[in-house]
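The values are calculated or read from the model by the stated rules, or taken from the named source; none is laboratory data. In this text, all values refer to a predicted model and were calculated from it rather than measured experimentally. Every residue, glycine as well, gets a Cβ built from its backbone with ideal geometry; the counts of neighbours run over all protein chains shown.
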């Protein structure tokens with residue numbers, strides 16, 4: 001599992017972190033992951049059923065590499081009972097809301113509570129991502145997302161999976177936040 005040589009001929013093991021994505025259906029969890037991993041956006045939205053999983057190697061600013069295991073969960077209510085099993089051994093939990101949906105933003109605290117029932121704050125880093133910032137019908141302002149993230153002690157990001165703006169910043173920020 002060791003990769004590239006470090007100065008002096010030593011090899012450093014690539015760390016691996018399980019990153020679980022949560023949030024209401026339709027917030028763009030799958031689209032953010034696909035944009036980051038495959039550099040694609042699929043206009044034909046199909047809801048995730050249960051869970052999907054991909055891995056991507058990220059190179060940090062200092063040259064170290066980190067393997068992110070990205071767990072994409074279904075946002076539908078009928079799959080909520082499965083969330084605790086997905087959270088097992090997770091390093092990071094990302095809660096995604098749609099900036100054009102006040103309802104998805106209002107659900108964030110419930111998702112955080114569910115995470116903290118399964119994992120302690122010492123075990124998992126929490127991040128909040130406002131997605132779809134390219135859309136004009138914004139219902140949740142940046143300052144509101146930032147304030148909620150501060151209140152809940154979460155990292156905060158905004159992005160757009162459609163145009164890929166700030167998507168890399170989200171994932172590199174998550175990786176850097178775990179170092």
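List of remarks:
- Filtered residues of segment 88-122 (kept if touching a residue at least 24 places away in the same chain (Cβ under 8 Å) and under 16 Å from residue 17 (Cα atoms)): 88, 89, 90, 91, 92, 93, 94, 119, 121
- Looking across segment 37-66 at every residue that is within 21 Å of residue 23 (Cβ to Cβ) and at pLDDT 85 or above, the one that is surrounded by the fewest Cβ atoms within 10 Å (Cβ to Cβ) is identified as 55.
- Evaluating residue 81 against the criteria (1) over 28 Å from residue 38 (Cα atoms); (2) within 16 Å of the chain's Cα centre (by Cα); (3) modelled with pLDDT under 90 leaves one unmet condition, (2).
- None of 161, 169 is touching a strand residue (DSSP E or B) at 6+ places or on another chain (Cβ under 8 Å) and in contact (Cβ under 8 Å) with a residue 60 or more places away in the chain except 161.
- Residue, surrounded by the fewest Cβ atoms within 10 Å (Cβ to Cβ), within segment 111-137, restricted to residues that are out of contact with any strand residue (DSSP E or B) (no Cβ under 9 Å at 6 or more places or on another chain) and under 24 Å from residue 164 (Cβ atoms): 136
- Subset of segment 12-31 [in a loop (DSSP other than H, G, I, E, B) and under 14 Å from residue 162 (Cβ atoms)]: 26, 27, 28
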